[in-house]
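Visitor: This is the structure, below, for whatever I ask next.
The values are calculated or read from the model by the stated rules, or taken from the named source; none is laboratory data. This one's a predicted model, so the numbers in the text were calculated from it and none came from an experiment. No Cβ is skipped: glycine too gets one built from the backbone with ideal geometry, and neighbour counts run over all protein chains shown. Accessible surface areas use protein heavy atoms only, side chains included; no ligands, DNA or RNA. Shrake-Rupley method; radii C 1.70, N 1.55, O 1.52, S 1.80 Å.
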2 protein chains.
Amino acid sequence: MTDLATLLHASRRAARVLAVAGTEPRKAAILAIADAIDASVDAIVAANAEDLERGRGTLADGLLDRLALDATRVAALAAAARELADLPDPVGEVTRTRTLENGLELTEVRVPFGVVGAIYEARPNVTVDLACIALGSGNAIVLRGGSAAEQTNAVLVETMQRAIASVGLPAESVQTIDRFGRAGATELMRARGLVDLLVPRGSASLIETVVRESQVPVIETGAGVVHAFVDAAADLEQAIPLLLNAKTQRTSVCNSLETVLVHRAIADEAVPVVVDAMRAAGVTVHADGDVEGAAPLGPEGWATEHLSMDVAVRVVDDLDAAIDHIERFGTHHTDVILTEDAAAAERFLAEVDSAVVMVNASTRFTDGGQFGFGAEVGISTQKAHARGPMGLPELTSTKWLVRGTGQVRA
Amino acid sequence: MTDLATLLHASRRAARVLAVAGTEPRKAAILAIADAIDASVDAIVAANAEDLERGRGTLADGLLDRLALDATRVAALAAAARELADLPDPVGEVTRTRTLENGLELTEVRVPFGVVGAIYEARPNVTVDLACIALGSGNAIVLRGGSAAEQTNAVLVETMQRAIASVGLPAESVQTIDRFGRAGATELMRARGLVDLLVPRGSASLIETVVRESQVPVIETGAGVVHAFVDAAADLEQAIPLLLNAKTQRTSVCNSLETVLVHRAIADEAVPVVVDAMRAAGVTVHADGDVEGAAPLGPEGWATEHLSMDVAVRVVDDLDAAIDHIERFGTHHTDVILTEDAAAAERFLAEVDSAVVMVNASTRFTDGGQFGFGAEVGISTQKAHARGPMGLPELTSTKWLVRGTGQVRA
């Protein structure tokens, strides 16, 4: 057996303990983690300083920012953990019941997955979020946090393991495989039977690799080419601040706005207002003929995810054309219609095939924290298992309990 | 674009129509399929005779039996379709709601996947079951039914397409890619973005290939190394007919019994009774020291899935040892405890990590039809998305609808 397989078997044993531990010990473990992180702030920040020092010059500024942990951010990690411990426990929730004619009683209940794997990059906050979500949903977790954050993650995992052991649960409930390097990530993706679910978080290329290579079921947390459709019946006074919020409140995230579609019926009035507001906010407007003085479209045309102070603007003939555009160029993440026309709103909600479809709201609300999930595992852009922000229930499976009195099949 | 990609794009267009078609047209399509199959019985049986003729001498008897369709079996296909049309429509069902403090109204609703792919072998009944389940859940389906059943499937698909078109829905809602051969199956597994879910049904090697190669999310419908644990508090008079039913009612299926575990406290009494009853029913008993005159274990020891009139018998020290055996050698499909001890029953239900865990019932009840699902897509042995028998709701995803009045994120 490889060293990594030995580690994964320890995760499976921990998972069996967690699955039947009940709610209180798991909540106690999360609270102990919060306290331990608060108490270890100096060691965490010091380890992070080493990672940052190593990363300077090789990592992009955005990555360095995601990598950095100061005392304030460490305190926020502990606070998020305490919030998670306050949420309802999904484990044991009855999801369906039925009684068959022969008297068999069927009960479908939520159960933990068992062992969940996560592959991510340079985001030590994810290390704590995922560990606490896993404990909150009764799962053991195996973390591959990448070399850029290796020192920080090592201290965080060690801190969490001590906290978990202090309440009598297995320290192996949370493990890191960073020391196994890339070969470890590959072995994790092939560990069918030992790992029940794999969640990649990070760059498009990382997610692509995991989806292509994994033999373990994967939840794809994908890119967001997010659209807002300014309908003929839009209230422009409401629409402009909403579009600016969706585009500029934080540009580097998947739920930020990338494309504004404008209904031709109001294009003469609306396009200049939208474009002027965007430009005044420092946003570069890209277009393909509809906007005077616009920059050309991004490298992938209408399918470009800018993740920056750039937005594409297009005039479309009507609601159908808007839906067609979104179906063709979108990533099925989040799309919004701005309208006072209830019928148009309901058609948009029904026909746009995205994880989150909105009416008159900022796309920045597609977020586990905003949805009240405490933290999030990620935002699923696939349709199997979970769709949209993933919290505690999304890290559970189900099983059927069948209670009989000797029934046999005829 | 390849010819297959063109076909898959037609499936996507059909899926968009189905997603908003509403319940009635889809139920009408299923009923039209039932009528068309009844009306085409001669053509179906004739095509099947050609497949059978071709298969004789190359296919095993079990496969030939699964491949065969006579008038009775064709009528049963139509009847199953009518039963499916009677079930509640999962599409549009509200699964969660919440109102955020800022007034945003969140509604999670069931939606179709879109395009579902299926790869299976020599089972033309699956062609009709899957097509009708797909229509019942609002999905377009792409079928790869394998060369052994190619003539039968061609007639079935053509019959179903005419029926679907007759009620005004797209004929491309159901398509076969058999004419593309193995290369078509490979392309289907790589069609991420065009196909939303892939379900393999068939031999272990087929499922293994799909799990390993697919980049589309897969539901693994796996093997069943199914256990019955005869507890110290078992009622043997109830247990024996139940064990015989689980083992012999149909041996070639995944929910049939493979291993009987007997609690040591009653082994002296129970083992001879179980063994004698099995032998009297024509079952060969395999064991590793616990049973006089027993045959050796199968090729994979305790992990052998016989799918035949063979059963393994083992004495275990107690409930914990039984659970450990099942965890180590089982496939997490279906396992049952036979006991009158309620505490033992509840521990078994809680701690055995299988799709279906039973008390005092035949494992043969793990079946979509028996569970009241009308028909089944298959029995999922993985934990992501669906677990156990898969019916209409299991072929749906969800999406979040967010209704606002101009909310922006602070």
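Visitor: Between 0 and 90 degrees, rounded to the nearest ten: what's the tilt of helix A:319-329 against the longest Cα principal axis of chain A?
Guide: Roughly 50 degrees between the two axes.
Visitor: Tell me, what is the percent relative contact order of chain A, built from C-alpha pairs under 8 Å that lie six or more residues apart? Intermediate results must be reported in sequence, preceding the final value.
Guide: Working: 843 pairs, mean separation 74.0, N = 410.
Rounded, it is 18 percent for chain A.
Visitor: Relative to the other copies, what are the label-point distances for A:Asp70, with labels 7 Å from Cα along the C-beta vector, expressed in nm at one decimal and sorted shortest first?
Guide: 8.2
Visitor: Here is a further query. Can you give me the C-alpha center-to-center distance between segment B:205-244 and segment B:1-40, rounded to a whole angstrom?
Guide: Spelled out, the Cα-based centre of one part sits 33 Å from the other.
Visitor: Calculate, for A:Glu24 and B:Ser147, the FRET efficiency according to 1/(1 + (r/R0)^6) with r their C-beta to C-beta distance and R0 51 Å; round to the nearest 0.05.
Guide: Working: r = 57 Å, r/R0 = 1.12.
The computed FRET efficiency comes out at 0.35.
Visitor: Another one. Nearest-to-axis residue of chain B, judged by Cβ, for the B-to-A rotation, with distance in whole Å?
Guide: Its Cβ sits closest to the axis: B:His385, 2.
Visitor: Using the basic label-point model (7 angstrom from Cα toward the beta carbon), what is the A:Asp317 to B:Asp288 distance in nanometres?
Guide: Label at A:Asp317, label at B:Asp288, 7.0 nm between them.
Visitor: Now for a different question. What percent does the relative contact order of segment A:332-380 come to when contacts are Cα pairs within less than 8 Å and at least six residues apart?
Guide: Working: 55 pairs, mean separation 18.0, N = 49.
After rounding, I find 37 percent.
Visitor: Please work out, to two decimal places, the log10 of the ratio I(q)/I(0) at q = 0.12, 0.15 Å⁻¹ from a Debye calculation in which every Cα of chain B carries one identical scatterer.
Guide: Values returned for q = 0.12, 0.15 Å⁻¹ are -0.99, -1.28.
Visitor: Oh, and also: I'd like the carbon and sulfur percentage of the solvent accessible area for chain B, probe radius 1.4 Å, heavy atoms only, ligands and nucleic acids excluded. Spell out each step's value before the answer.
Guide: Values: 7510 of 14880 Å².
Carbon and sulfur together cover 50 percent of it.
Visitor: So which residues of segment A:384-403 lose at least 50 Å² of accessible area, probe 1.4 Å, when you go from the chain by itself to every protein chain present?
Guide: With the partner chains in place, segment A:384-403 has these residues losing at least 50 Å²: A:Ala384, A:His385, A:Arg387, A:Lys399, A:Trp400, A:Val402, A:Arg403.
Visitor: Accessible area lost on pairing A with B, both sides, 1.4 Å probe, Å² to nearest 100?
Guide: Details: alone 18030 and 17980 Å², together 29790 Å².
Chains A and B together bury roughly 6200 Å² of accessible area.
Visitor: Reachable lysines from B:Lys399, Cα under 16 Å, same-chain residues fewer than 8 places away excluded?
Guide: Leaving aside lysines fewer than 8 places away in the same chain, those within reach of B:Lys399 are A:Lys383.
Visitor: In addition: Using a Förster distance of 41 Å, how high is the FRET efficiency between B:Ala281 and A:Arg190, based on the Cβ-Cβ distance and rounded to 0.05? Mind dumping the intermediate values first?
Guide: On the way: r = 41 Å, r/R0 = 1.01.
Calculated value: 0.50.
Visitor: In addition: How many Å² of accessible area per residue for segment A:226-365, probe 1.4 Å? Walk me through the numbers before you get to the answer.
Guide: Numbers: 5070 Å² over 140 residues.
For segment A:226-365, the per-residue accessible area is 36 Å².
Visitor: Taking every Cα atom in segment A:226-365, find the radius of gyration and the maximum pairwise distance Dmax, and write them in Å.
Guide: For segment A:226-365, the Cα-based Rg and Dmax read 13.1, 36 Å.
Visitor: Tell me the mean residue ellipticity at 222 nm calculated for the protein assembly as shown from its helices only (DSSP H runs of n ≥ 4, each -39500 (n - 2.57), averaged over every residue, nearest 500). The partial results should precede the final answer.
Guide: Numbers: 26 runs with 336 residues, N = 820.
-13000 deg cm²/dmol, from helical runs alone.
Visitor: Could I ask something else about it? How high is the relative contact order of segment A:238-360, in percent, counting Cα pairs under 8 Å that sit 6 or more residues apart? Don't jump to the answer; show the numbers that get you there.
Guide: Numbers: 175 pairs, mean separation 31.0, N = 123.
Answer for segment A:238-360 is 25 percent.
Visitor: Follow-up question, since we're still on this one. Report for chain A the percent antiparallel among DSSP-assigned beta bridges with both residues inside it, nearest 5. Could you put the intermediate results ahead of the total?
Guide: Numbers: 16 of 52 bridges.
In chain A, DSSP labels about 30 percent of beta bridges as antiparallel.
Visitor: Rounded to whole Hz and in sequence order, give me ³J(HN,Hα) for segment A:26-35 from the Karplus expression 6.51 cos²θ - 1.76 cosθ + 1.60, θ = phi - 60°, writing x for Gly and Pro.
Guide: 5, 5, 4, 5, 5, 5, 5, 4, 4, 5
Visitor: At 7 Å along Cα-to-Cβ for each site, give me the label-to-label distance between B:Thr97 and B:Val17 in nm.
Guide: Simple spin-label model gives 3.3 nm for this pair.
Visitor: Another question, then. Say the dipole of segment B:15-166 comes from +1 at the beta carbon of Lys and Arg and -1 at that of Asp and Glu; which of B:Gly103, B:Val45, B:Cys132 then lies farthest toward its positive end?
Guide: The residue sitting farthest along the positive end of the dipole is B:Gly103.
Visitor: Residues of A:239-251, mean number of Cβ from any other protein chain within 10 Å of their own Cβ, rounded to a whole number?
Guide: Values: counts 1, 0, 2, 5, 1, 1, 5, 2, 0, 0, 3, 1, 0.
Shielding by partners across A:239-251 averages 2.
Visitor: Same structure, new question: For peptide A:145-154, what's the mean number of Cβ atoms from other chains within 10 Å of each residue's Cβ?
Guide: Working: counts 0, 0, 0, 0, 0, 0, 0, 0, 0, 0.
Counting Cβ atoms of other protein chains within 10 Å of each residue's Cβ and averaging gives 0.
Visitor: Turning to a different aspect of this structure: If B:Leu244, B:Leu197 are ordered by their accessible area, calculated over protein heavy atoms with a 1.4 Å probe, which sequence runs from highest to lowest?
Guide: Working: B:Leu244 45, B:Leu197 0 Å².
Result of the area sort, largest leading: B:Leu244, B:Leu197.
Visitor: For the pair B:Arg82/B:Ala60, report the inter-label distance in nm, with labels modelled 7 Å from Cα in the Cβ direction.
Guide: Reported label-point gap for B:Arg82 and B:Ala60 is 3.6 nm.
Visitor: Ignoring ligands, DNA and RNA, how do A:Thr331, B:Thr304, A:Thr99 rank by accessible area with a 1.4 Å probe, largest first? Kindly include the intermediate steps, with their values, before the conclusion.
Guide: Values: A:Thr331 40, B:Thr304 10, A:Thr99 85 Å².
Per-residue accessible area, sorted high to low, gives A:Thr99, A:Thr331, B:Thr304.
Visitor: Report the local net charge at A:Trp400: Lys and Arg +1, Asp and Glu -1, summed over other residues whose C-beta lies under 9 Å from its C-beta. Before the final figure, lay out each step's value.
Guide: Details: positive: A:Arg96, A:Lys399, B:Arg387; negative: A:Glu108.
Taking every Cβ under 9 Å from that of A:Trp400, the sum is +2.
Visitor: For segment B:55-117, state which GluC sites (Glu not before Pro) are in a DSSP loop and have at most 15 other beta carbons lying within 10 Å of their beta carbon. Before the final figure, lay out each step's value.
Guide: Numbers: sites: B:Glu83, B:Glu93, B:Glu101, B:Glu105, B:Glu108; in loops: B:Glu93, B:Glu101.
Here the sparse-neighbourhood loop sites are B:Glu93, B:Glu101.
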